[in-house]
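These notes are about the structure you will find just below.
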There are 2 protein chains.
Amino acid sequence: MRPVEELCQALRERGLKVTPQRRLIFEALRDGAEHPTAENIHHSVQEIMPDISLATIYHTLNDLVEMGEVMELDLGEGRSRYDPCTDDHCHLVCLGCRRVLDLPPTTDGIELAAENTVGWEIVRCEVVFYGYCPNCRA
Amino acid sequence: MRPVEELCQALRERGLKVTPQRRLIFEALRDGAEHPTAENIHHSVQEIMPDISLATIYHTLNDLVEMGEVMELDLGEGRSRYDPCTDDHCHLVCLGCRRVLDLPPTTDGIELAAENTVGWEIVRCEVVFYGYCPNCRA
DNA sequence: GTCACTGCAAATGCTTTGCATCTAG
DNA sequence: CTAGATGCAAAGCATTTGCAGTGAC
């Protein structure tokens, strides 16, 4: 995700408007936990703007996803997480505490795709490891 | 997924009962498309037993997942798919027609995990490629 | 002044649950 | 006979949508 001011600029270039709500959402994504849910962001923005609506959060997150500034992660939890890091990388999910960590990209993911997907156009590859973190193994 | 009769046996061993509904669901999983949704299975079983309830489908699928006979896939579609193949393998999803293909497992997924997840107990690794199939590229 | 955004509430879509009835073992 | 299964309808959640009022530019 780019810095807040660049995001604001990108919004304007698309004919979208920069509102205080959106600025706060950008800041929450920049400063908060790394893989927040929409509700996480709602809570953290509410500390500054108590009346902001969850619908506004969803609206803005959808815009960011469409702009490619944020990745929507589906980690099998029945709700989406949003990742401000859009570089190629893998995820590691603790089935105990639901903590989500970033891992370096798999080097051969793309190679595998190349071998077995002749004729396809591969857009992206998602790799998620599920397990138990050191704390939760106990 | 094991043959229908073995599944029936496995149910009984767990104190669960073998009903005509469950048998039909097993057969639908065995014979039908490879990555069906709960609704897909409902439709195909309804051709033989029109009054079967969707709740029964979900109930049985949840049992099968718990028994490790079927994998629940979350491919970011807002609904689950169920995969009777529980061997280690990857998935290839067409963003156009939503077709889902199986791919061989990544050999180094586990290696990557071993290098970067000291102290963790890794349970499984899910790899999903998203793209456009030859038909949908046009 | 316009057109997009906001907040609210209602709607949506998938999945689960409560309950009365039924049935496998 | 009895515990578990079924079908129905209602409830639960996360997310989206419709709409009237508001605000960015």
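What follows draws every value from the coordinates through simple rules; no lab data is involved. Source: prediction; values computed, not measured. With ideal geometry, Cβ positions are generated from the backbone for all residues, glycine too; neighbour counts draw on all protein chains shown.
Quick notes on this structure:
- With respect to chain B, whose longest principal axis is taken over its alpha-carbon atoms, helix B:20-31 is tilted by about 40°.
- Distance from the Cα centroid of segment B:62-101 to that of segment A:1-38 is 34 Å (rounded to whole angstrom).
- For chain B: rounded, prolate or oblate by the Cα gyration tensor [a/c cutoff 1.5]: oblate
- For segment B:3-64, trypsin sites (Lys or Arg not before Pro) meeting the loop criterion (DSSP other than H, G, I, E, B) and having at most 11 other Cβ atoms within 10 Å: B:Arg14, B:Lys17.
- Averaged over B:116-123, number of beta-carbon atoms from partner chains that fall within 10 Å: 6
- Copies compared at B:Pro3 - label distances in nm, ascending, label defined 7 Å from Cα in the Cβ direction: 6.8
- Net charge dipole, chain A: roughly 460 debye, given to the nearest 20, about the Cα centre with Cβ charges of +1 for Lys and Arg and -1 for Asp and Glu.
- Antiparallel bridge percentage (DSSP; both residues within chain A; nearest 5): 65 percent
- Lone cysteines, chain A (no partner Cβ under 4.7 Å): A:Cys8, A:Cys85, A:Cys90, A:Cys97, A:Cys125, A:Cys136
- Position B:Glu77, label points 7 Å along Cα→Cβ, spacing to each other copy in nm (shortest first, one decimal): 2.3
- Shortest-first distances to equivalent copies, position B:Cys97, nm, label 7 Å out along Cβ: 4.6
- Taking the longest Cα principal axis of chain A as reference, the axis of helix A:54-66 is set at about 50 degrees.
- Cα long-axis angle, helix A:4-13 against chain A (0 to 90 degrees, to the nearest 10): 80 degrees
- Look at the stretch B:7-20: the mean tally of other chain Cβ atoms within 10 Å of its residues' Cβ atoms is 0.
- Proximal charge balance of B:Pro134 [Cβ under 13 Å; K/R count +1, D/E count -1]: +1
- Rounded to whole numbers, the Karplus 3J(HN,Hα) couplings from phi for segment B:89-106 are 7, 9, 10, 10, 10, 8, 6, x, 9, 6, 5, 10, 10, 8, 10, x, x, 6 Hz, using 6.51 cos²θ - 1.76 cosθ + 1.60 with θ = phi - 60°, and x at Gly and Pro.
- Inter-chain shielding of A:126-136 (mean C-beta neighbours from other protein chains, 10 Å cut-off): 6
- Each helix, a run of at least 4 DSSP H residues, gives -39500 (n - 2.57); summed and divided by the residues of chain A, these come to -11000 deg cm²/dmol at 222 nm.
- For segment A:4-82, a crude dipole built from +1 on the beta carbon of Lys and Arg and -1 on the beta carbon of Asp and Glu, taken about the Cα centre, is about 240 debye to the nearest 20.
- Rounded to the nearest 20 debye, dipole of the protein assembly as shown from Cβ charges on Lys, Arg, Asp, Glu: 760 debye
- Here segment A:9-48 is scanned for amide nitrogen atoms under 19 Å from the site 7 Å beyond the Cα of A:Arg79 along Cα-to-Cβ, giving A:25-26, A:28-48.
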